[in-house]
Amino acid sequence: MNFNKFQEACKRTANPNLTYSEAAMNWALGIAGEAGEYCELIKKSEFHGKMLNKDHAKKELGDILYYVAMAATNLSIDLESVAQANVDKLTARYPEGFKSGGGIRHINNDHEDDGC
Ligand SMILES: [Mg+2]
């Protein structure tokens with residue numbers, strides 16, 4: 001499945017009656033909530049002696065992706081371009097791939113550097 005097909009599939013279960021602001025909140029809080037669920041799995045596997053259930057982890061990652069797709073939809077951005085923009089950003093920042101000590105930081109970005 002490609003990103004844009006996934007994004008289309010996500011719309012099937014999204015409430016179509018939300019205003020822009022309601023949807024922005026719903027999808028943003030959904031990302032945070034599902035990221036928390038994923039983090040809880042990792043916490044339990046790393047600190048509580050529980051085996052990481054990869055099937056469960058996969059479902060939580062999918063839940064995060066769902067909300068990311070819907071957040072992009074609310075901004076009228078296709079998910080493929082979100083993915084490509086991230087690849088482009090990281091390619092520019094880390095032209096040689098991972099390197100201990102970090103990558104190239106750009107001054108005058110109009111947003112906070114997220115470290116990705
Ligand atoms: Mg979940």
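The values are calculated or read from the model by the stated rules, or taken from the named source; none is laboratory data. Only a predicted model underlies this, so the values are computations on that prediction, with no experimental measurement involved. Glycine gets a Cβ as well: all are built from the backbone with ideal geometry, and neighbour counts include every protein chain shown. Surface accessibility is based on the protein's heavy atoms, side chains included, excluding ligands, DNA and RNA. Shrake-Rupley method; radii C 1.70, N 1.55, O 1.52, S 1.80 Å.
For the reader, a short list of remarks on this structure follows.
- Of the residues making up segment 7-42, those that are touching a helix residue (DSSP H, G or I) at 6+ places or on another chain (Cβ under 7 Å) and away from the ligand (no atom under 16 Å from the Cβ) are Gln7, Lys11, Leu18, Tyr20, Ala23, Ala24.
- Looking only at residues of segment 75-101 that are of a type in the set (Ser, Thr, Tyr) and open to solvent by 90 Å² or more (accessible area, probe 1.4 Å), we find that the one that is nearest to Asn4 (Cα to Cα) is Ser76.
- Counted residues, segment 21-42 - those being exposed (fewer than 12 other Cβ atoms within 10 Å of the Cβ) and either touching a residue at least 60 places away in the same chain (Cβ under 8 Å) or hydroxyl-bearing (Ser, Thr, Tyr) (or both): 1
- When the residues of segment 52-69 are filtered to those that are aliphatic (A, V, I, L, M) and open to solvent by less than 50 Å² (accessible area, probe 1.4 Å), the one that is farthest from Asn4 (Cα to Cα) is Ala57.
- Of the residues making up segment 43-51, none is closer than 21 Å to Asp78 by Cα, more than 18 Å from the chain's Cα centre (by Cα), open to solvent by 70 Å² or more (accessible area, probe 1.4 Å) and within 16 Å of the ligand (Cβ to nearest atom).
- Sole exception among (1) surrounded by 15 or more Cβ atoms within 10 Å (Cβ to Cβ); (2) without any contact (Cβ under 8 Å) to a residue 60 or more places away in the chain; (3) among the aliphatic types (A, V, I, L, M) for Ala72, by number: (2)
- Test: residue in segment 57-72 that is more than 16 Å from the ligand (Cβ to nearest atom) and not aliphatic (A, V, I, L, M): no
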